[in-house]
Amino acid sequence: MDLHQLRCFIAVAEELNFGRAAARLNMTQPPLSRQIQLLEKRLGGTLFDRNNRHVQLTHMGEHLLKESRLILKLADRLESSVQQSASGETGTLAMGFTAVFSWSFIPQLLKELTVKLPGVDFQLFEQVSHKQISSVEDNTIDVGFVRHVPPNPRLAWLPLQGETFVAAFHCDHPLARKRKIPLSAFNNEPFFLYSPNEARQFYDRITDLFVFSNVTPDFKYQLAQTHTILGLVNAGLGCAIVPASSRTLGLPNVTYMAIEGVNIQAHNFLVYSKANPNPVLPVFLKALSEALITL
């Protein structure tokens, strides 16, 4: 059904005067009358009882007025929704992140973004960095919060604030009373290391640090996730080197200490594909830049 004809009909039905309805629609009366005639022909009935003195809705006209208002309201809503979707004001954004980001950063970010982008639905995927990179490349996710970005001309990335590594010991360990410890304190200590497959960046940084300083811990397990490593430390089974944000986990039996003379950083990045067609992405990136000022 022609929406223009419905708008003409509503104007006449509300004004009950073809002249006033035509002026309201910024058109002359003959083409308005023609649109009403075409609509009546299409519907197979009379919409108005009219003579030289008055215009009155028929029973069919009263029913059509009610339905026409609903149809035009839905049509206007659809137009607005499509425009908002095309501009990125509404839609869906798939976001990946490592477990470390989920402890504090992602909850705080989502709290900010639900205010800034109320029309956007966020889908969340917890993945290690290299799996996020693959997901970004094939558009399974739109953005990833990762620890590293490989050289790839198809990817764009935004550096985020990094964090230092700290020592993690059980609270009953003799070293746990100290605020700082030398790296040599890890010699022969049972140590939990990151996996070279699932957490390559952390594995390389920590093992390079030990090799360069000629320190040899008693390596026990190689694990992908920081919270798993700290669960073992919390049980008193050994020690580890972890990002400083691990403190937010609040494990009761783990004590964190600075490492003297060590200033290695756990880097953080936002990564996305330059070819990503999602209209929400540029809107998200703008909102993220604003949110990072307060996070």
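Here is a check on your reading of the model: is Phe125 over 30 Å from Leu237 (Cβ atoms), touching a strand residue (DSSP E or B) at 6+ places or on another chain (Cβ under 8 Å) and at pLDDT 90 or above?
Working: over 30 Å from Leu237 (Cβ atoms): yes; touching a strand residue (DSSP E or B) at 6+ places or on another chain (Cβ under 8 Å): yes; at pLDDT 90 or above: yes.
Yes.
Which condition breaks for Thr228 when tested against (1) within 28 Å of the chain's Cα centre (by Cα); (2) assigned to a helix (DSSP H, G or I); (3) touching a residue at least 60 places away in the same chain (Cβ under 8 Å)?
The number of the failed condition is (3).
For region 130-176, give me the residue count where each residue is closer than 24 Å to Gly91 by Cα and aliphatic (A, V, I, L, M).
Residues meeting the conditions: 8.
How about region 139-150: which of its residues are part of a loop (DSSP other than H, G, I, E, B) and either under 14 Å from Leu270 (Cα atoms) or outside the structural domain of Lys274 (by TED's automatic domain parsing) (or both)? Working first, answer last.
Let us first name the residues in region 139-150 that are part of a loop (DSSP other than H, G, I, E, B), namely 139-142, 147-150.
Passing the criteria: Ile141, Asp142, Arg147, His148, Val149, Pro150.
Going through region 1-18 one residue at a time, which ones are free of Cβ contacts under 8 Å to residues at least 60 places away in the same chain and surrounded by 13 or more Cβ atoms within 10 Å (Cβ to Cβ)?
Listed by number, the residues that qualify are Gln5, Cys8, Phe9, Ala11, Val12, Ala13, Glu14, Glu15, Leu16, Asn17, Phe18.
On the given criteria, is Thr294 closer than 23 Å to Val100 by Cα and surrounded by 17 or more Cβ atoms within 10 Å (Cβ to Cβ)? First the steps, then the outcome.
Working: closer than 23 Å to Val100 by Cα: yes; surrounded by 17 or more Cβ atoms within 10 Å (Cβ to Cβ): no.
No: the conditions fail for Thr294.
When both residues are 6+ apart or on different chains and their Cβ atoms are under 8 Å apart, which pairs have a first residue that lies in region 279-295 and is hydroxyl-bearing (Ser, Thr, Tyr), and a second that is surrounded by fewer than 13 Cβ atoms within 10 Å (Cβ to Cβ)?
none
Restricting to helices (runs of 4 or more DSSP H) lying wholly in region 56-116: which have 1 or more residues that are under 28 Å from Val242 (Cα atoms) and modelled with pLDDT of 80 or more? So that I can check it myself, show each step before the final result.
Values: elements: 59-87, 99-103, 105-116.
Answer list for region 56-116: 99-103, 105-116.
The values are calculated or read from the model by the stated rules, or taken from the named source; none is laboratory data. None of these values were measured; they are calculated from a predicted model. All Cβ positions, glycine included, derive from the backbone under ideal geometry; neighbour counts span all protein chains shown.
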